[in-house]
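Okay, so here's the structure we're looking at.
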Amino acid sequence: MGHGPVAAFALVLAYLLGSIPFSYLVARRKGIDVRTVGSGNVGATNVMRSAGRAAGLTAFALDFLKGSLATWLALRLAGPTVAAVAAVIAVIGHMYPVWLSFKGGKGVATGAGAFIPILPVAAISGLVTFGLVARLTRYASVGSIAGTSALPVVAVLMRAPMPSCAAAAVAAGLIVWKHRENVRRIAAGTERRLGARTDGTP
């Protein structure tokens, strides 16, 4: 098998791993269809609000791990450049999963996990930024945007390989774009803060 077929296999695998809808599956175990409650987003924050903290943390961890596995396998199979592309593909798989009619989540946990194998310091910096900003503002969405934006910035500052920096920038752009409705709700004063009750606009 030549490098081309191996690379193609690694990228298809990255999409399939990324598209596993763990947030949906975790919530379903509690009898909740996460697509029909709260924000309707198939992501850990919505699972946490609708199914509890433990379920939300489980969903986040599983989404993180699937992203890491997708990139790690691509790195082992086809090298760092293909792994950088696989990281983006895994995020796209989470956002547009074939199993849920291409309607998935926003890619924060999956993106964080996907860049750990190739940009560990930048990915951890993004997670720390997310935690700090979310805690200070009490908006998960603001923390997500800040943490995601930190990823390519730290990668460039550390002079990481160009393919990895480019992949980080593309993934960050996709994730921030996925939060455009949250930005509109923040501007309108209707975005729900962390710890808020589950009724009302998420």
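We did not get these values from a lab; they are worked out from the coordinates using the rules stated. Bear in mind the structure is a predicted one, so any value in this text is a computation, not a measurement. Note that we place each Cβ from the backbone using ideal geometry, even for glycine, and neighbour counts take in every protein chain shown.
Taking a ≥ b ≥ c as the square roots of the eigenvalues of the alpha carbon gyration tensor, the range 24-71 is prolate, as a/c is not under 1.5 and a/b beats b/c.
Close amide H partners of Tyr139, meaning residues 5 or more places away or on another chain with modelled amide H under 5 Å apart, are Leu194. Peptides 61-72, 161-172 ordered by packing proxy, namely the average of other Cβ atoms within 10 Å per residue, highest first: 61-72, 161-172. Highest mean first, the peptides 52-59, 91-98, 180-187 sorted by other C-beta atoms within 10 Å per residue fall in the order 91-98, 52-59, 180-187.
Derived scalar couplings between HN and Hα for the range 14-20 equal 4, 5, 5, 5, x, 7, 5 Hz in order, rounded to whole Hz, by the Karplus curve 6.51 cos²θ - 1.76 cosθ + 1.60 (θ = phi - 60°), x for Gly and Pro.
Rounded to the nearest 20 debye, the dipole magnitude of the range 37-135 is 180 debye, with +1 charges on Lys and Arg beta carbons, -1 on Asp and Glu beta carbons, and the Cα centre as origin. Treating each Cα of the chain as an identical point scatterer and summing with the Debye formula, the log10 of I(q)/I(0) at q = 0.11, 0.14 Å⁻¹ comes to -0.46, -0.74.
Summing charges over neighbours of Ala44, with a neighbour being any other residue whose Cβ is under 13 Å away from its Cβ, gives +3 when K and R count +1 and D and E count -1.
The range 61-75 and the range 124-149 have their alpha-carbon centroids 21 Å apart.
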